[in-house]
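In what follows, a structure is listed as structure tokens, so that the remarks can point back to it.
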Amino acid sequence: MANTSYRLRCQLYGHESDVRSVSTITEYDGIISGSRDKTARIWRPSATDKTSFEQRAVLSNHTNYIISTCYIPSCDQFPDGLIATGSNDKKICVYSAKQGTYLFSLEGHEQAVSCLSYIPQSDLLLSGSWDTTGRVWSLSTKQCTHTIKGHSKAVWAILSMNDVKNNFKIILTGGADNLIFAWKNETKIQTYEGHTNCVRSLVALNANEFLSSSNDNFIKRWNINSAQCLQTYKGHTNFVYSITMISSDQFASVSEDRSLCIWSINEKESIQTIRLPSGTVWSVCSLTNHDVAVGCSDGRICIFSKDQTRMATMEEIAGFEQEIASTTIQTKTGDLGEVKIDDLPTEDALKKPGTREGQTTMINKGGGQVEAYQWNMLDQRWMKIGDVVGSADSTSQGQASATGDKILFEGKYYDYVFNVELDEGVPLKLPYNISDDPWFAAQAFIHRNELSQMFLDQIAQFIITNTKGMVIDQRAADFTDPFTGGGRYVPGSSPMDTGEHRSNYDPFTGAGRYVPNSNSSTGRQTTNVTQDPFTGSGRYVPNGDNNQPPKLLSASQSTVIKTEKDAELSATFPQNHYIVMGNADTVKIFGKLKEFNESAAGDGLRLSDIQLQEINDLVNGNTTYLETKMNLLFQILKWPTDKVFPILDIIRLIVLNADVCKYIFENDIRSNEFIAQLLQYLQPDQSANIMLIFRTLTNLFSNDLGEKFLIKNSNSILAKTLIYLPLTKKNTQIALTNVILNYCIYAYRSNDQRLSNYLYECYKEFVDIQFESDGAKRLILGLGTLFCTNAEIVLNVQTTTDNSAKRFFTALEKSAAQLNSDTLECFERCRALVKNL
């Protein structure tokens, strides 16, 4: 048995996200890996350590995550061999396998390139895509020779085989429509039916047979000519993503059940099952020495060997097993099936040997605790593979158990972690807490998985449908929302008919509800529309339309705050001057700060009058004892979320001071802590906080150190902007679009082609946003500035029928009735600009 069992060889770290594909470089038993971090990496066996590998190159020419990889052995035309990678950016990138240098791209697919293969002894590359087609490419001419059309859903697998009987090449394709087709050129010649879910992988077994794996949890063996299913292999308990041949009589598979299975061709059950600590095992390949490499959702690549000279040390193997034992297993994901705790055996069951390799059992440890064990035939022992969470009493897939257990996902606990399959047949993890807004959770899910904005409503409705009946706690029937005074907001529900109109009821004072930065236009009868519900004086609205003219500021304040009204944006291209949001009424800001300070509770959360004056001095431009004053601000940033907006407004103003920016951003640790403290207050139900945080980011562009930090962290900041923009209205939308516009201005001023391309791609996410006129104008000005920055963007608009700019323009046309004349004029100038460049 020792000669046929695999153990850990090594683990490779380098990728920052899921490793979606691994392929073997047969010349030297190397590995090519592709990841959601948008890179592919070449790994070569270490020259000094027989068990290890070295990263030799990082391939980073894709603009979206990589799904598929393929190695093409050396030939006369390509003596160094080739590496091909397929991505969600719709492209196939081709590299020299020896040097890792980029050679060329193949373009033609209309959606993600989900699978790659090649035809041996030829220059032909095969690809499959979510656009429901397969394609055959000539690597010599860099052209598509023909397109395979027949699937009704995404093509997830493609393979070339020889028809020995008729002496010609056959191409096999497997799709999300559950079918496998055989093709001669562009003609369908055979259909293989039997899977009940998406076909994920195909591999040739011999000249007359092939294997397929599916989301139906099964692997099937087929005769290529008769289309007969010869055998079904059962063992996985969830989607089987990838299979590979190890030898003529063995193959390997990996699954959503976080396992690697080794199979004998003639046995229906696996001969070895290896659990992994990652949540998902996406891909598998076999090296020529029969070692097996797998790509995991945590970014690592694990390699297993049955050659004892290449195995890891016993200490490393023990550490790996301990990591597995410390994981949690969700019964709802199908890893082990459903759990009825009372029916489970106790620890005494572990004294009895298992009957087969990979056999699993669950043990009732008492107190509601359940552990999962797997039988290791090699060591003749039960090995713990995790703690089981969830029970058969759960009412919805992905729901935490009735005992209150939560589900761990990417380091955080959630009430639900759903498996979501969209039209492309991609199973993705959707985490959700019942206290979250479904639309916010859906938007975060779309961004994290780089999906089309068109899925927003579909995903949000999925959440609502599958969490019906769940509440955070039991409350009285007259419960009012602490933010609005009304009944708890439940997306998709109708307003409660209480017999009393309470939408303007303030839960803290009983007066009219305080709405930061809004204009009251409801038609209600009020005694004083500017009455502040907290102080009784004129209402403080962060940079909004207050009832009295702004207080003129002293000369000492001019270094911090613009005294004039923020300048109107001219409809000219390119925009070359950063937007600065410096207008403020500091009297009302400090009035609110003092009021909240009076009610602050807890050590260090309430400032003395002297300390409040120091903060006032800082806003007025006095930066002596700057560190002390900044520490006071950071100290009160620990106030409750609904009380921090005057502090954020102050920060928005003081970052316009060069000394303040120098203090914050000259030190990397301090700058990261500062931004982290700000961003923790980005919550969908706190629009004032969102607005003021993005006004702060807008103002940071006006300082060299602030600008440098924003550019260094542009991807993460723009990602947050894209998440919150669809959720915002009026002045909050202006704040977010100012950040986007300032990034566009930076790209123009610095001729940053990479950033301009990234910003341009963001515009395709703006199609489902309900634009306010001023927010739309800023995005139009940003796009026109990008046109003046990057000729490739203009060429893209002028030569393609479907692109980011045209999608954005179409969305604006649909919203034209809501746009004012200035914005519409700006829109027409932008369209004319791209035609004339």
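For residue 637, the stated conditions hold: it is hydrophobic (A, V, I, L, M, F, W, C), modelled with pLDDT under 90 and in contact with a Leu (Cβ under 9 Å, 6 or more places away or on another chain).
On the basis of being farther than 30 Å from residue 721 by Cα and at pLDDT below 75, does residue 411 make the cut? Against the criterion (farther than 30 Å from residue 721 by Cα and at pLDDT below 75), residue 411 does not qualify.
Of note, residue 357 does not satisfy the criterion of being of a type outside the set (Lys, Arg), under 27 Å from the mean Cα position of the chain (by Cα) and either crowded, with 18+ Cβ neighbours inside 10 Å or at pLDDT 75 or above (or both). Scanning the range 784-811 for residues that are touching a helix residue (DSSP H, G or I) at 6+ places or on another chain (Cβ under 6 Å) and either within 27 Å of residue 730 (Cβ to Cβ) or aliphatic (A, V, I, L, M) (or both) yields 784, 785, 786, 793, 794, 797, 804, 805, 807, 808.
Among the residues of the range 707-720, just one is of a type in the set (A, V, I, L, M, F, W, C) and at pLDDT below 90, namely 719. Residues considered: 27, 54, 16. Of these, the only one that is farther than 26 Å from residue 137 by Cβ and touching a Gly at 6+ places or on another chain (Cβ under 7 Å) is 16.
Among residues belonging to the range 73-82 that are at negative phi and at pLDDT below 95, point out the one that is surrounded by the fewest Cβ atoms within 10 Å (Cβ to Cβ). Among them, the one singled out is 76. Among the residues of the range 755-766, at least one is under 21 Å from residue 572 (Cα atoms), free of Cβ contacts under 8 Å to residues at least 60 places away in the same chain and of a type in the set (S, T, N, Q). Taken over the range 207-260, the criterion of being basic (Lys, Arg) and either closer than 26 Å to residue 372 by Cα or in contact with a Phe, Trp or Tyr (Cβ under 7 Å, 6 or more places away or on another chain) (or both) is satisfied by 234, 258.
Could you please let me know if residue 25 is over 23 Å from the mean Cα position of the chain (by Cα) and of a type in the set (A, V, I, L, M)? Against the criterion (over 23 Å from the mean Cα position of the chain (by Cα) and of a type in the set (A, V, I, L, M)), residue 25 qualifies.
Picking from residues in the range 616-633 that are surrounded by fewer than 17 Cβ atoms within 10 Å (Cβ to Cβ) and charged (D, E, K, R), the one that is farthest from residue 654 (Cα to Cα) is 627.
Conditions tested, residue by residue: (1) over 30 Å from residue 625 (Cα atoms); (2) buried (at least 18 other Cβ atoms within 10 Å of the Cβ).
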residue: 657; (1), (2): no, yes
residue: 673; (1), (2): no, no
residue: 696; (1), (2): no, yes
residue: 755; (1), (2): yes, yes
residue: 758; (1), (2): yes, no
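Regarding residue 71, is this residue closer than 21 Å to residue 244 by Cβ, in a loop (DSSP other than H, G, I, E, B) and not basic (Lys, Arg)?
Taking the combined requirement at face value, the residue does not satisfy it.
Can you find even one residue in the range 721-732 that is at pLDDT below 90 and either within 20 Å of residue 574 (Cβ to Cβ) or in contact with a Gly (Cβ under 7 Å, 6 or more places away or on another chain) (or both)? Yes, the conditions are met somewhere in the range 721-732. Going by the conditions given, is residue 300 charged (D, E, K, R), surrounded by fewer than 21 Cβ atoms within 10 Å (Cβ to Cβ), in contact (Cβ under 8 Å) with a residue 60 or more places away in the chain and within 19 Å of residue 23 (Cα to Cα)? It is true that residue 300 is charged (D, E, K, R), surrounded by fewer than 21 Cβ atoms within 10 Å (Cβ to Cβ), in contact (Cβ under 8 Å) with a residue 60 or more places away in the chain and within 19 Å of residue 23 (Cα to Cα).
Hey, among the residues in the range 281-297 that are of a type in the set (Ser, Thr, Tyr) and surrounded by fewer than 24 Cβ atoms within 10 Å (Cβ to Cβ), which one's nearest to residue 253 (Cα to Cα)?
Keep residues of the range 281-297 that are of a type in the set (Ser, Thr, Tyr), which gives 283, 286, 288, 297.
Filter once more, so that each one left must be surrounded by fewer than 24 Cβ atoms within 10 Å (Cβ to Cβ): 286, 288, 297.
Working: 286: 10, 288: 17, 297: 15 Å.
Residue satisfying both the conditions and the ranking: 286.
The helices (runs of 4 or more DSSP H) found wholly in the range 702-806 and carrying at least 2 residues that are within 22 Å of residue 675 (Cβ to Cβ) occupy 704-712, 714-724, 730-750, 753-762. When the range 790-823 is filtered for residues that are small (Gly, Ala, Ser) and within 22 Å of residue 744 (Cα to Cα), the ones remaining, listed by number, are 791, 804, 805, 811. Please tell me if residue 417 is touching a Lys or Arg at 6+ places or on another chain (Cβ under 9 Å) and either over 27 Å from residue 20 (Cβ atoms) or modelled with pLDDT of 75 or more (or both). Yes: the conditions hold for residue 417. The residue list 20, 44, 9 contains one member that is charged (D, E, K, R), part of a strand (DSSP E or B) and surrounded by fewer than 23 Cβ atoms within 10 Å (Cβ to Cβ), which is 44. Within the option set 49, 80, 76, 89, being in a loop (DSSP other than H, G, I, E, B) and touching a Cys at 6+ places or on another chain (Cβ under 9 Å) holds for one residue only, 49. The condition of being of a type in the set (A, V, I, L, M, F, W, C), at pLDDT 90 or above and over 29 Å from residue 111 (Cβ atoms) holds for only one of 788, 762, that being 788. Here residue 212 fulfils each of the conditions (1) at pLDDT 95 or above; (2) in contact with an Asp or Glu (Cβ under 6 Å, 6 or more places away or on another chain) apart from (2). Only one of 39, 85, 51 is surrounded by 15 or more Cβ atoms within 10 Å (Cβ to Cβ), in contact with a helix residue (DSSP H, G or I) (Cβ under 6 Å, 6 or more places away or on another chain) and polar (S, T, N, Q); which? Result of the check over 39, 85, 51: 51. Within the range 88-116, residues that are closer than 16 Å to residue 31 by Cα have Cβ atoms under 9 Å from residues that are surrounded by fewer than 19 Cβ atoms within 10 Å (Cβ to Cβ) and among the hydroxyl-bearing types (Ser, Thr, Tyr) in these pairs: 94/102; 94/105; 95/101; 95/102; 96/102; 97/74; 98/74, counting only partners at least 6 apart in sequence or on another chain.
A quick yes/no check of all residues on (1) aromatic (Phe, Trp, Tyr); (2) closer than 26 Å to residue 112 by Cα; (3) within 36 Å of the chain's Cα centre (by Cα); (4) part of a loop (DSSP other than H, G, I, E, B):
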{"residue": "159", "(1), (2), (3), (4)": "no, yes, yes, no"}
{"residue": "170", "(1), (2), (3), (4)": "no, yes, no, no"}
{"residue": "181", "(1), (2), (3), (4)": "yes, yes, yes, no"}
{"residue": "217", "(1), (2), (3), (4)": "no, yes, yes, yes"}
{"residue": "221", "(1), (2), (3), (4)": "no, no, yes, no"}
{"residue": "225", "(1), (2), (3), (4)": "no, no, no, yes"}
{"residue": "237", "(1), (2), (3), (4)": "no, no, yes, yes"}
{"residue": "269", "(1), (2), (3), (4)": "no, no, yes, yes"}
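Out of curiosity, is residue 48 touching a residue at least 24 places away in the same chain (Cβ under 8 Å) and β-branched (Val, Ile, Thr)?
No; evaluated as a whole, the condition is false for this residue.
Looking at the range 246-254, is at least one residue buried (at least 21 other Cβ atoms within 10 Å of the Cβ), in contact (Cβ under 8 Å) with a residue 60 or more places away in the chain and part of a strand (DSSP E or B)? No: the range 246-254 contains no residue that is buried (at least 21 other Cβ atoms within 10 Å of the Cβ), in contact (Cβ under 8 Å) with a residue 60 or more places away in the chain and part of a strand (DSSP E or B).
Here's the yes/no breakdown for (1) modelled with pLDDT of 95 or more; (2) under 27 Å from residue 63 (Cβ atoms); (3) touching a helix residue (DSSP H, G or I) at 6+ places or on another chain (Cβ under 7 Å):
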{"residue": "115", "(1), (2), (3)": "yes, yes, no"}
{"residue": "136", "(1), (2), (3)": "yes, yes, no"}
{"residue": "153", "(1), (2), (3)": "no, yes, no"}
{"residue": "165", "(1), (2), (3)": "no, no, no"}
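The values are calculated or read from the model by the stated rules, or taken from the named source; none is laboratory data. The structure presented is a predicted model; accordingly, all values stated were derived computationally and were not measured. FYI the Cβ positions are ideal-geometry reconstructions off the backbone, even for glycines, and counts take in every protein chain you see.
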